[in-house]
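J.: First the structure, then my questions, so here it is.
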Amino acid sequence: MSLRLPFFKNKQTDTKGHCEIEVQNVPKHVAIIMDGNGRWAKKRGLPRIAGHKEGMNVVKETVRAATKYNVEILTLYAFSTENWKRPKSEVEFLMKLPKEFLHTFLPELIEKNVKIETIGDFNALPAHTKEAIQYAKEKTKDNDGLLLNFALNYGSRFEIIQAIKQIMTDINGSTLSIDKLDEDTFSEYLYTTGLTDPDLLIRTSGEQRLSNFLLWQVAYSEFWFTDVLWPDFNEEIFHKALQDYQQRKRRYGGI
Ligand code: IPE
Ligand code: IPE
Ligand code: MG
């Protein structure tokens, strides 16, 4: 079965002539490194924060598309543990964005049965940021549609170190035996516990690196890069990424 997309003005076809998405083969978990907001603003002679603001609107469009295509988990890299290095004014602006995003979008998220979660060092966020997100998590906790997972103050190396510390504590306290420690058990100690690993990882803006995102979890993800800057990302480009994903052969080391 294929999902036709009549809302495209020009029907999208790739070099192989594919223009539809197979419903059965939609990636369950899509992770996106939303990069290029600053460059988008610079190109327009605008301050970097204008790029972040436009990027927030694109998050809304992307969430709408993800619900339409029946993606189960959408993990969005919104702020890394390294992004604190940025000018104070930019960090402050970024920390206010979740509240603005939820103020304008939470009713629609609830209506779409979306559940909001975060991964990252949540406690270290400013109080006003935490409050806005906590409220949205509470309001959506029973929803079982798309899981919208924001990586906020997220760093993969920090996550792994935290996991190791907790594992050591549990081994010392005899709640975990060292013989029981395998890949699945290790995964349970990460922020992403209970989530399947990303099937598809998208990065915008032309950079082809992970920037400390989900190092453990993307071991067998399909990577998809585009030069498009995040504020210019849209449903059509997302659709293209899903189509390309559907042409990939995932072998997991087999033949
Ligand atoms: C991504 O855009 C958003 C965050 C990292 C918060 P950037 O702000 O990194 O934009 P560029 O890479 O400088 O263009
Ligand atoms: C990665 O983008 C982090 C987010 C998108 C939130 P960066 O812009 O921080 O990554 P680098 O510095 O180019 O590697
Ligand atoms: Mg960047």
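The values are calculated or read from the model by the stated rules, or taken from the named source; none is laboratory data. Quantities reported herein were computed from a predicted structural model and do not represent experimental measurements. A quick note on method: Cβ atoms are made from the backbone with ideal geometry, for glycine too, and the neighbour counts reach across all protein chains shown. Ligands, DNA and RNA are excluded from the accessible area calculation, which covers all protein heavy atoms including side chains. Shrake-Rupley method; radii C 1.70, N 1.55, O 1.52, S 1.80 Å.
J.: Report, by residue number, each residue of the stretch 164-200 that is within 23 Å of T75 (Cα to Cα) and not in a helix (DSSP H, G or I).
T.: Hits for the stretch 164-200 are Y189, L190, Y191, T192, T193, G194, L195, T196, D197, P198, D199, L200.
J.: Filter the stretch 114-141 down to the residues that are open to solvent by 40 Å² or more (accessible area, probe 1.4 Å), touching a strand residue (DSSP E or B) at 6+ places or on another chain (Cβ under 8 Å) and either of a type in the set (A, V, I, L, M, F, W, C) or under 16 Å from L195 (Cα atoms) (or both) and list them by number.
T.: K115, E117, A124, K141
J.: Looking at the stretch 62-70, is at least one residue surrounded by 18 or more Cβ atoms within 10 Å (Cβ to Cβ) and within 14 Å of ligand 3 (Cβ to nearest atom)?
T.: Within the stretch 62-70, not a single residue is surrounded by 18 or more Cβ atoms within 10 Å (Cβ to Cβ) and within 14 Å of ligand 3 (Cβ to nearest atom).
J.: Let me ask another. Limited to the stretch 221-239, what total is found for residues that are open to solvent by 70 Å² or more (accessible area, probe 1.4 Å) and in a helix (DSSP H, G or I)?
T.: Within the stretch 221-239, residues that are open to solvent by 70 Å² or more (accessible area, probe 1.4 Å) and in a helix (DSSP H, G or I) number 1.
J.: Based on this model, can you work out whether A78 counts as in contact (Cβ under 8 Å) with a residue 24 or more places away in the chain, in a strand (DSSP E or B), of a type in the set (A, V, I, L, M) and open to solvent by 20 Å² or more (accessible area, probe 1.4 Å)? I'd like the intermediate steps shown before the answer.
T.: Details: in contact (Cβ under 8 Å) with a residue 24 or more places away in the chain: yes; in a strand (DSSP E or B): yes; of a type in the set (A, V, I, L, M): yes; open to solvent by 20 Å² or more (accessible area, probe 1.4 Å): yes.
Judged against the criteria, A78 is a match.
J.: Can you tell me which residue is surrounded by the fewest Cβ atoms within 10 Å (Cβ to Cβ) among those in the stretch 142-194 that are of a type in the set (F, W, Y) and under 30 Å from I110 (Cβ atoms)?
T.: Here is the first cut: in the stretch 142-194, the residues of a type in the set (F, W, Y) are 150, 154, 158, 186, 189, 191.
Applying the additional criterion that residues be under 30 Å from I110 (Cβ atoms) yields 150, 154, 191.
Working: F150: 23, Y154: 25, Y191: 21.
Looking at residues that are of a type in the set (F, W, Y) and under 30 Å from I110 (Cβ atoms), I get Y191.
J.: Can you say whether L94 is farther than 20 Å from R209 by Cα and open to solvent by less than 50 Å² (accessible area, probe 1.4 Å), as far as the supplied structure shows?
T.: Numbers: farther than 20 Å from R209 by Cα: yes; open to solvent by less than 50 Å² (accessible area, probe 1.4 Å): yes.
The answer is yes for L94.
J.: Moving to a separate point now. Does Y252 qualify as being open to solvent by 30 Å² or more (accessible area, probe 1.4 Å), among the hydroxyl-bearing types (S, T, Y) and either touching a residue at least 12 places away in the same chain (Cβ under 8 Å) or under 19 Å from E117 (Cβ atoms) (or both)? Working first, answer last.
T.: Working: open to solvent by 30 Å² or more (accessible area, probe 1.4 Å): yes; among the hydroxyl-bearing types (S, T, Y): yes; either touching a residue at least 12 places away in the same chain (Cβ under 8 Å) or under 19 Å from E117 (Cβ atoms) (or both): yes.
Here the answer is yes, as Y252 does meet what is asked.
J.: Right, next: I need the full set of residues from the stretch 202-220 which are within 15 Å of ligand 1 (Cβ to nearest atom), surrounded by fewer than 17 Cβ atoms within 10 Å (Cβ to Cβ) and among the hydrophobic types (A, V, I, L, M, F, W, C), in order please.
T.: L210
J.: Contact list please: Cβ distance under 7 Å, first residue in the stretch 216-242 and over 24 Å from Y154 (Cα atoms), second residue of a type in the set (G, A, S), pairs at least six apart or on different chains.
T.: E235/A65
J.: A follow-up question, please. If W84 meets every condition in (1) crowded, with 19+ Cβ neighbours inside 10 Å; (2) within 16 Å of ligand 3 (Cβ to nearest atom) apart from one, which number is that one?
T.: (1)
J.: Here's a follow-up. Looking at (1) within 16 Å of ligand 1 (Cβ to nearest atom); (2) polar (S, T, N, Q); (3) part of a loop (DSSP other than H, G, I, E, B), can you tell me which one N113 breaks?
T.: (1)
J.: Take the residues of the stretch 45-75 that are part of a helix (DSSP H, G or I) and of a type in the set (V, I, T): which is farthest from ligand 1 (Cβ to nearest atom)? Even if it seems obvious, please write down each step before you answer.
T.: Let us first name the residues in the stretch 45-75 that are part of a helix (DSSP H, G or I), namely 48-68.
Now narrow it down to the ones that are of a type in the set (V, I, T): 49, 58-59, 62-63, 67.
On the way: I49: 9, V58: 11, V59: 11, T62: 14, V63: 17, T67: 23 Å.
Selected residue: T67.
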